[in-house]
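The values are calculated or read from the model by the stated rules, or taken from the named source; none is laboratory data. Given the structure is predicted, the values throughout are model-derived calculations rather than measurements. Every residue, glycine among them, receives a Cβ derived from its backbone with ideal geometry; neighbour counts consider all protein chains shown.
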Amino acid sequence: MLVEIRNLAKSYTRGGQAVPVLSDITLDIESGDFIALMGPSGSGKTTLLNLIAGIDKPDSGTLRVDGVDIAALSEADLADWRAVHVGFIFQFYNLMPVLTAYENVELPLMLAPLSRAERRARAELVLSVVGLADRMKHYPNELSGGQQQRVAIARAVVADPTIIVADEPTGDLDRVSAADILAMLQRLNRELGKTIIMVTHDANAAKAARSLVHLEKGELIVSS
Amino acid sequence: MFLLKLVFRNAFRHRLRTLLTITGLAIAVLAFGLLRTVVDAWYAGAAAASSARLVTRNAISLAFFLPVSYESRIRAVEGVTRVARSTWFGGIYQEPKNFFPQFAVSPAYLDLYPEFVIPAEQRAAWTRDRKGALVGRQLADQFGFKVGDALPIKGSIYPGTWEFVVRGIFDGADSGTLTRHMLFHWDYLNETLRKKTPRRADFVGVFVVGVDQPDNAAAVSTRVDEVFRNSLAETLTETEQAFQLGFVAMSDQIIAAIRVVSYVVIVIILAVMANTMAMSARERTGEHATLKALGFGPGFLAALIFGESAAIAAVGAAIGIAAGAPVAAFFKQAAGIFPIFEISPDTIALQVACAAVVAVAAAVVPAVQAARVRIVEGLRSIA
């Protein structure tokens with residue numbers, strides 16, 4: 001099992017009071033799966049995604065990814081772990097506006113022990129995979145929303161991470177671009193065997209996934 | 001390399017804001033340099049003064065003169081090698097804004113000031129001409145005086161128009177020697193006073209006294225003053241440097257104020273710079289969170305902020321320092337009150353130090369905030 005979640009709980013403090021966001025979540029995700037986390041706003045789906053991605057820590061429970069108890073890692077170790085194991089795709093792309101498409105894709109490789117030539121080869125390869133070989137020198141503001149999200153996907157996969165987490169990857173896109181992005185995620189999952197965990201509130205987007213996890217009020221309602 | 005690329009692109013992504021900050025910093029660094037140079041210029045006279053020469057004046061005040069008869073008695077004091085008369089003339093050349101110092105001196109004066117270098121034939125011509133005047137190179141350059149020029153000076157302490165002829169131009173032995181003044185014969189002044197106001201004749205402003213060894217200066221001073229103790233005009237003898245510093249001390253509070261203002265300018269630009277860096281860091285909270293999510297550590301984010309601050313400060317300081325020399329030259333020409341007005345290497349070092357302090361201090365809080373940004377909260381700021 002790639003991701004093992006046992007009795008996971010998380011709460012935030014709002015106005016001096018602890019507000020539970022996730023309670024007693026138990027979930028397994030297999031390697032090579034493509035999961036859609038669904039649920040209404042405030043159901044805790046993004047929080048669960050953040051915990052799996054190692055950018056937030058649970059209050060209790062265990063969370064193992066590829067055999068590593070990531071909740072027990074220090075901040076520095078967690079940063080190193082994310083650099084190697086997690087690829088991020090965000091709703092608003094989160095590209096560095098001062099870097100070109102190529103430089104944005106190269107960004108995660110800066111943390112890997114690779115030569116400049118190796119970085120170049122890998123970044124160019126993934127940019128051509130997402131169909132942006134001719135846009136490498138373009139800055140994010142010179143690209144459409146769909147193209148920016150493709151750059152973000154290229155950035156997410158370039159370091160060959162263990163899992164790819166996508167938070168509403170089509171939330172800011174028109175229908176055509178959204179379909180394009182979902183098709184690309186499916187390709188990554190089917191052809192390259194990437195494990196993808198995607199948060200979405202869009203039922204159509206969720207259809208692209210192999211399996212569905214539904215959350216409501218911080219609890220796992222159905223897993224199929 | 002990658003860090004530098006990101007630093008420079010970040011620094012100039014809000015061009016107007018960055019340019020305004022750089023402009024402010026350049027002006028602040030320039031103003032700091034000029035204010036420090038004003039202070040240095042104030043002390044230039046004292047710095048150029050010798051500790052091997054003594055100045056004997058009336059113990060009550062400079063406003064009271066000493067009888068010329070004191071000269072021979074001072075010369076007789078053990079350790080004294082030479083004595084020269086010097087009286088402040090305080091005249092005006094053409095109009096008040098052309099002010100420059102004039103001194104009525106005896107010929108021995110030039111022997112006491114070897115730093116005033118004058119061709120032998122010009123000195124001889126000056127000695128022969130009762131109305132002859134010697135002008136310093138800085139003064140000659142400022143007003144275009146040449147040997148042979150008539151030089152009429154309107155007296156303010158000694159009324160009337162005094163006619164002089166430039167007989168020589170003396171240079172400074174080194175760049176620190178002030179040569180923005182005029183010397184003429186004390187005898188010419190005294191003879192004229194004897195005719196017009198005999199009551200004022202046969203008095204000297206100060207005696208410049210040469211000593212056999214600089215180490216003996218204190219002992220000779222004491223001996224000179226001892227000679228005139230309980231006389232009608234008691235003397236106060238001190239080194240020329242102490243004498244000059246006495247003048248500077250009269251402006252102590254002004255100098256202190258200038259010094260304070262020079263640092264206030266830096267504090268103000270520090271606030272402006274800190275504001276720029278705080279705004280930049282706040283706007284990029286989402287980017288910092290993204291970088292952290294990708295695995296970049298707090299140190300990298302702090303380095304981004306410090307680097308950006310350093311880049312802006314370096315450009316601003318470089319412009320401010322580069323502008324210093326031409327602006328100082330213009331100020332020297334326009335103001336005309338400081339014979340030496342050059343930004344010193346020490347001042348440039350201080351300018352660099354101030355810019356470095358501004359760069360670091362302005363970035364501390366934003367850098368700490370960037371390093372500590374919580375990824376989840378930072379990412380939420382984008383939405």
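Among the residues of the stretch B:277-289, the one identified as surrounded by 24 or more Cβ atoms within 10 Å (Cβ to Cβ) and of a type in the set (S, T, N, Q) is B:280. Candidates are the residues of the stretch A:1-18 that are modelled with pLDDT under 90 and touching a strand residue (DSSP E or B) at 6+ places or on another chain (Cβ under 6 Å); the one that is farthest from residue A:46 (Cα to Cα) is A:1.
Within the stretch B:195-202, identify whether any single residue is modelled with pLDDT under 95 and surrounded by 16 or more Cβ atoms within 10 Å (Cβ to Cβ), and answer yes or no. Scanning the stretch B:195-202, I find no residue that is modelled with pLDDT under 95 and surrounded by 16 or more Cβ atoms within 10 Å (Cβ to Cβ), so the answer is no. In the set A:178, A:183, A:152, only one residue is touching a Leu at 6+ places or on another chain (Cβ under 9 Å) and either touching a residue at least 12 places away in the same chain (Cβ under 8 Å) or in a helix (DSSP H, G or I) (or both); that residue is A:152.
Just one of the listed residues (B:328, B:356, B:322) is assigned to a helix (DSSP H, G or I) and crowded, with 16+ Cβ neighbours inside 10 Å, namely B:328.
Can you spot a residue in the stretch A:108-129 that is in contact (Cβ under 8 Å) with a residue 60 or more places away in the chain and under 15 Å from the mean Cα position of the chain (by Cα)? No, the stretch A:108-129 contains no residue that is in contact (Cβ under 8 Å) with a residue 60 or more places away in the chain and under 15 Å from the mean Cα position of the chain (by Cα). Could we say that residue B:377 is touching a residue at least 40 places away in the same chain (Cβ under 8 Å), surrounded by fewer than 16 Cβ atoms within 10 Å (Cβ to Cβ) and within 14 Å of another protein chain (Cβ to nearest Cβ) here? Answer is yes for this residue. For the stretch B:145-170, residues that are surrounded by fewer than 15 Cβ atoms within 10 Å (Cβ to Cβ) and part of a loop (DSSP other than H, G, I, E, B) total 6.
Among the residues of the stretch B:267-283, are any within 14 Å of chain A (Cβ to nearest Cβ) and within 30 Å of residue A:106 (Cβ to Cβ)? Yes, that holds for at least one residue. Taking the stretch A:13-59 on its own, how many of its residues are β-branched (Val, Ile, Thr) and in contact with a helix residue (DSSP H, G or I) (Cβ under 6 Å, 6 or more places away or on another chain)? Number of matching residues: 2.
So that you can scan it fast, the table gives a plain yes or no per residue for (1) away from every other protein chain (no Cβ under 14 Å); (2) touching a His at 6+ places or on another chain (Cβ under 9 Å); (3) buried (at least 19 other Cβ atoms within 10 Å of the Cβ):
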position: B:301; (1), (2), (3): no, yes, yes
position: B:304; (1), (2), (3): no, yes, yes
position: B:308; (1), (2), (3): no, no, yes
position: B:312; (1), (2), (3): yes, no, yes
position: B:316; (1), (2), (3): yes, no, yes
position: B:333; (1), (2), (3): yes, no, no
position: B:381; (1), (2), (3): no, no, no
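Of the residues making up the stretch B:203-234, those that are of a type outside the set (Gly, Ala, Ser), crowded, with 21+ Cβ neighbours inside 10 Å and within 28 Å of residue B:165 (Cα to Cα) number 5.
Looking only at residues of the stretch B:365-383 that are at pLDDT 90 or above and not in a helix (DSSP H, G or I), we find that the one that is nearest to residue A:89 (Cα to Cα) is B:374.
Is it the case that residue A:103 is loosely packed, with under 15 Cβ neighbours inside 10 Å, charged (D, E, K, R) and within 13 Å of chain B (Cβ to nearest Cβ)?
no
Scanning the stretch A:120-162 for residues that are under 25 Å from residue A:81 (Cα atoms) and among the basic types (Lys, Arg) yields A:120, A:122, A:150, A:155. Comparison of B:264, B:220, B:224 shows that the only residue that is at pLDDT 90 or above, in a helix (DSSP H, G or I), among the β-branched types (Val, Ile, Thr) and under 30 Å from residue B:18 (Cβ atoms) is B:264.
The residues in the stretch A:48-96 that are under 29 Å from residue A:178 (Cα atoms) and either of a type outside the set (Asp, Glu) or more than 10 Å from chain B (Cβ to nearest Cβ) (or both) can be counted, and the count is 24. Of the residues B:84, B:47, B:26, B:41, the single one that is in a helix (DSSP H, G or I) and at pLDDT 90 or above is B:26. Consider residue A:47 carefully, then state whether it is surrounded by fewer than 20 Cβ atoms within 10 Å (Cβ to Cβ), farther than 17 Å from residue B:288 by Cβ and not charged (D, E, K, R). For residue A:47, the condition - surrounded by fewer than 20 Cβ atoms within 10 Å (Cβ to Cβ), farther than 17 Å from residue B:288 by Cβ and not charged (D, E, K, R) - is not met. Being under 30 Å from residue B:172 (Cα atoms), over 24 Å from the mean Cα position of the chain (by Cα) and either buried (at least 20 other Cβ atoms within 10 Å of the Cβ) or of a type outside the set (Asp, Glu) (or both) is a condition met by no residue of the stretch B:12-22.
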